[in-house]
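A short write-up of the structure that comes next.
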Amino acid sequence: MGHLRDIQSGRKAVTVTIQAVQETLLGTPETLPTSEPGTPQISYTVASGDLPTFDPAMDSKKWIGYLVGAGKAVTAATISWRMKKNGSSVNTSTFSVAANQYYTGQFYFLDVAVGDVLAIALWSNRTDSNWDYKAYQIHPTRVLPKTGHPILMPLNITALTAYPTLTLGNPNASATYECRIDLDDLAITYPGPLITTPQNFEALHAGPTYGFFRAYRGDITCGNTIYTGTHASYRPLYQKTYFPTSFVFRATEI
């Protein structure tokens, strides 16, 4: 007669470090072309030193490439954009900007790896639109602490931190979004599914697809696309997302 065997890991206290955001503010704004440029204005190559670290290491996670491009429309304009990954188009569309307004595009590349080249091309239907700001950071999502679809008993999220914090230009964080906790690849209803403060869970089954948490911006919403904002004075105008930066668990496989 068969029987179930419980295998429980030792207690692990995990620290998560998200690397500093990389920002550039041009001394002189560059005019946007009126057709798609051959070379995108914004480009970053994902390096190993850009990745968030987990101490101790986790078994599985995905990375989100977070890029920002911002500038100004002197006269009312339609700004076109294209996201590229390793030279191939990921997504493309347009957004409108009123006269004398700054625009900010936040671009979220879901599931990137070291060596990937992430690029943003911008152009306008007017000759007096420009860009002068860019930023880059890698965010974690879909973290699975232990393979084998474990039950985390308990899972104590002891600290959350909101990212990014942008400093150049005249920045303003217009919203901060919650961290989503998942149970068996489904959002739980209590005390989440979206949290902004430390939480304790007596037992949480981490599903193989989503793990125990997902980033709100870049995974649940805006994966491989843009979130835009415009303002008369704020540039960049952006949003932040909470990530667990300290948690404690034991993993039991059944």
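No lab work stands behind these numbers, since they all come straight from the coordinates. Computed from a predicted model, the values in this text were never measured in an experiment. A quick note on method: Cβ atoms are made from the backbone with ideal geometry, for glycine too, and the neighbour counts reach across all protein chains shown.
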Potential extension, residue 99-residue 173 segment - 0.36 nm per residue separation minus Cα distance: 24.4 nm
On the formula 1/(1 + (r/R0)^6), with r taken between the Cβ atoms of residue 209 and residue 232 and R0 of 30 Å, the FRET efficiency rounded to 0.05 is 0.10
Taking the alpha-carbon distance from residue 12 and a cut-off under 19 Å, which lysines remain once sequence neighbours fewer than 8 residues away in the same chain are dropped? 61, 146
Between residue 22 and residue 36, how many nm apart are label points set 7 Å from Cα along the C-beta direction? 2.4
What is the spin-label model distance, in nm, from residue 197 to residue 48 if the labels are put 7 Å beyond Cα along the C-beta direction? 4.1
Out of these labelled values of Rg and Dmax of the Cα atoms in Å, (1) 21.5, 80; (2) 20.3, 78; (3) 18.8, 62, which was calculated from the coordinates shown here? (2)
Check: C-alpha center region 222-245 vs C-alpha center region 85-108, spacing in Å is 12
Can you list residues from other chains, or at least 5 along the same chain, whose modelled amide H is less than 5 Å from the amide H of residue 210? 185
List every residue whose amide H lies under 5 Å from the amide H of residue 224, counting only residues 5 or more places away in sequence or on a different chain, with H placed 1.01 Å from N in the peptide plane. 108, 109, 110
Ranked list, fewest to most other Cβ atoms within 10 Å of each Cβ, for 201, 107: 201, 107
Using a Cα-Cα cut-off of under 21 Å, which lysines could be cross-linked to residue 134, ignoring same-chain neighbours fewer than 8 residues away? 72, 84, 85, 240
